[in-house]
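One structure is given here, and the rest of the page talks about it.
The values are calculated or read from the model by the stated rules, or taken from the named source; none is laboratory data. For clarity, every value in this text was computed on a predicted model and none was experimentally measured. Here Cβ is always computed from backbone atoms with ideal geometry, including for glycine, and neighbour counts include all displayed protein chains. When the accessible area is computed, the model is the full protein with side chains, heavy atoms only, and any ligands, DNA or RNA have been set aside. Shrake-Rupley method; radii C 1.70, N 1.55, O 1.52, S 1.80 Å.
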Amino acid sequence: IEIYSLHVDCKVTSRFAHTIITSKIVNRANESREATFEVELPKTAFITNFSMSIDGKVYLGIIKEKASAQKEYDTAVSRGQSAGLVKITGRKLEQFHVSVSVAAASKVTFELMYEELLKRQLGKFELLIKVRPRQLVKRFQIDVHIFEPQGISFLEANSTFMTNELTEALTKVQSETKAHILFKPTIDQQKINPELDETLLDGDFVVRYDVKRGATAGDIQITNGYFVHYFAPHEMPVFPKNVIFVIDRSGSMGGRKIEQTRDALLKVLQDLRPEDHFGFITFNNKVVEWKSSLLRATAENVASAAGFVQTISASGGTDINRALLTAVSLLDKAEGLPERSVSMIILLTDGQPTSGETNVGVIQENIKKAIDGKYALFCLGFGFDVGYKFLEKMALSNGGIARRIYETADAALQLQGFYEEVATPILMQIEMQYPENAVEGLTKNNFKLFFEGSEIIVSGKIKNDLDVLPVEIKAQSHASDLTLKEEAYVKEKEQVFKNQSYIFGNFIERLWAYLTIQQLLEKSISAQEEDQKALEAQALELSLQHNFVTPLTSMVVTKPTGEQQTELANKPTEAG
């Protein structure tokens, strides 16, 4: 079985990335063989299309509601279920995997298409393409086209497998608003050494970039009756933070996990600003406060905390409820905190609650009542024994987010990286306002916090005959309350995309649908049961309308007769 051509074609239009992977395979044997198509794609992406053509006959993947697809599938496969076509393979990736039998001397072409909205983190967008052909490929090519109407401020492309020879196969062409990155290594350049037929291409190919930002009220783009508004202020004073680290030191954290946690905390302590206040709570079945009040991050206090962090060791049970309630009351009774400041609790745990209150529903209620919208709660789940659903619901109900920390060599870096993302709050209570009579289907437009290096995105439909879309942003900065205004001239904005040859015209509509589905699913996590059903129904409708494989839909892949005929591609979620 030989892959004679592999092409990754990615078009990014204003952060929205549309990727097509085409693999052409020939069976050189004189009997039929199994051909496998395996692609690792970002977890944040939605698959939108899959096809395989075998001897001129095309088999298309069809996207249906998950429940009905499952029913059809179960009927088709009463002889036991195969594992489905998609599974999570790591911190950022999931894998799509399909095999089909190919007759002697026959060819098959696989094509997979997926889309995602690139998320700005720590000042850049990252496009990740996993490269792993497992053999030398005669025609191998990655094309990335980027079009950013705001202008590209910096751009880099690199990979985890680059060598001097391979660098020669990489070209980068860039203008004010466009970039094309081409990676096209010859068979010889792909080889680990000239004698062996082993490939160097195994790892991540990553493109990172950022855009120019002029206007203070962000940037609005419009096409085909949909708009998207990007807002990422910079060079603003940072709010002082009041942060409490709530660290699990139960028995299961022992060994490497607690070491990595200590390493990360020592680095984080160095990153605190002098005007920040901080505290530590460690817990197993007992809850211990490092100090009974929050301390200012002076050099002396930070040094003393570092001494404490080095003594954290692991044993005992897990009383998450009491640990978090203790953190909340520490913030509640804190005195002398800066008037305009941001208070947050960062919980790190690797297990389920086993001591004190162990009913997760009750814990969620307790914490929500105690926090009462005053502080943001971030939950980091270490490894795969955590109740991730429980942590995710708790974080989302309290203005924060949850993140899984993978038990790998770089766990300390993952922890630090997360802290860096929330380390510099520069705006609070952000309201993105648009005239009610002008827009509909608006995505989330109120945000509690904005962190330096990230970006707020709001999208919606414009009601017809609108000439001017006025925008008003209200927010609190450390210095003052802000009101920013901007007007977007619809016709003028639509011109921007008119003459761009490689842009798919409805990309803002697809971006809007992608964002809306993500937000509906996120909202349903912390919603009451009856609301949950309504949110999911709405997300399902959009998923089917725009042909996205989301956690509510399945792609049914039918194969030629004589093989197990149908298989399902489902979207796995972090919570399993």
| At each listed q (0.12 Å⁻¹), what is the log10 of I(q)/I(0) that the Debye formula gives for the stretch 334-458 modelled as equal alpha-carbon point scatterers? | -0.57
| request: Using the Kyte-Doolittle scale, find the helices of the chain whose mean hydropathy is at least 0.0 and whose Cα atoms extend 20 Å or more along the helix's long axis, counting only whole DSSP H runs. | output: 507-525
| request: From the C-alpha gyration tensor of the chain, pull out the three semi-axes of the equivalent ellipsoid (sqrt of 5λ each), sorted largest to smallest, in whole Å. | output: 41, 30, 25
| message | Between Glu541 and Asp188, what's the calculated FRET efficiency when r is the beta-carbon distance and R0 is 35 Å? Round to 0.05. | response | 0.10
| said: As a test, work out the antiparallel percent of DSSP beta bridges whose residues both lie in the stretch 242-377, rounded to the nearest 5. | reply: 25
| How many nm separate the modelled label positions at Leu122 and Tyr59, each set 7 Å beyond the Cα in the direction of the Cβ? | 4.3
| the stretch 252-317 - Rg and Dmax from Cα coordinates, angstrom | 12.3, 35
| remark: Over the stretch 356-435, with neighbouring protein chains present, the accessible area per residue in Å² at probe 1.4 Å is 39
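Counting each DSSP H run of 4 or more residues in the chain as -39500 (n - 2.57), what helix-only mean residue ellipticity at 222 nm follows after dividing by all residues, to the nearest 500 deg cm²/dmol?
Only helices count here, giving -7500 deg cm²/dmol.
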| request: Find how many whole Å separate the alpha carbon centroid of the stretch 260-305 from the alpha carbon centroid of the stretch 380-401. | output: 22
| field | Relative contact order for the stretch 241-423, counting Cα pairs under 8 Å that sit 6 or more residues apart, in percent | value | 24
| query | Once the stretch 241-423 is represented by equal point scatterers at the alpha-carbon sites, with solvent omitted, what log10 I(q)/I(0) does the Debye formula produce at q = 0.18 Å⁻¹? | reply | -1.22
| field | Scaled radius of gyration (Cα, divided by 2.2 N^0.38 Å) that the stretch 514-559 gives | value | 1.21
| Relative to the present Cα-Cα distance, how much length would full extension add between Gln565 and Asn506 at 0.36 nm per residue of separation? | 17.9 nm
| request: Between Asn285 and Lys498, take the C-beta separation as r, use R0 = 60 Å, and let me know the FRET efficiency to the nearest 0.05. | output: 0.40
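Kirkwood hydrodynamic radius for the stretch 197-285: how many Å is it when counted over pairs of different Cα atoms?
That comes to 18.8 Å for the stretch 197-285.
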| Can you list the residues, at least 5 places off or on another chain, whose amide H is less than 5 Å from the amide H of Ile63, using H built in the peptide plane? | Val556
| remark: Contour minus Cα-Cα span, Glu436 to Gln352, at 0.36 nm per residue, comes to 25.8 nm
| Flagged links, alpha-carbon separation over 30 Å, of Lys241/Lys533; Lys43/Lys172; Lys267/Lys374 | Lys241/Lys533
| Segment Glu31-Asp481, length gained on full extension (0.36 nm per residue, minus Cα span) | 154.7 nm
| Between Asp372 and Thr573, what is the spin-label point distance in nm, taking each point 7 Å from the Cα along the Cα→C-beta axis? | 3.1
| field | 3J(HN,Hα) from dihedral phi, the stretch 455-460, Karplus parametrisation 6.51/-1.76/1.60, rounded to Hz, x for glycine, proline | value | 7, 9, 10, 10, 9, x
| said: Given an 8 Å cut-off on Cα distances and at least 6 residues of separation, report the relative contact order of the chain as a percent. | reply: 17
| task | Report in % the part of the accessible area of the stretch 135-291 that belongs to carbon and sulfur, leaving out ligands and nucleic acids; probe 1.4 Å. | result | 47
| message | Take Ala534 and Gln270, extend 7 Å from each Cα along the Cα→Cβ direction, and tell me the distance between the two endpoints in nm. | response | 5.1
| remark: Scattering profile of the stretch 450-576 from the Debye formula, Cα beads only, expressed as log10 I(q)/I(0) at q = 0.21 Å⁻¹, is -1.26
| request: Once you have all Cα-Cα distances for the stretch 434-488, histogram them in 10 Å bins from zero and send the whole-percent values. | output: 18, 50, 26, 6
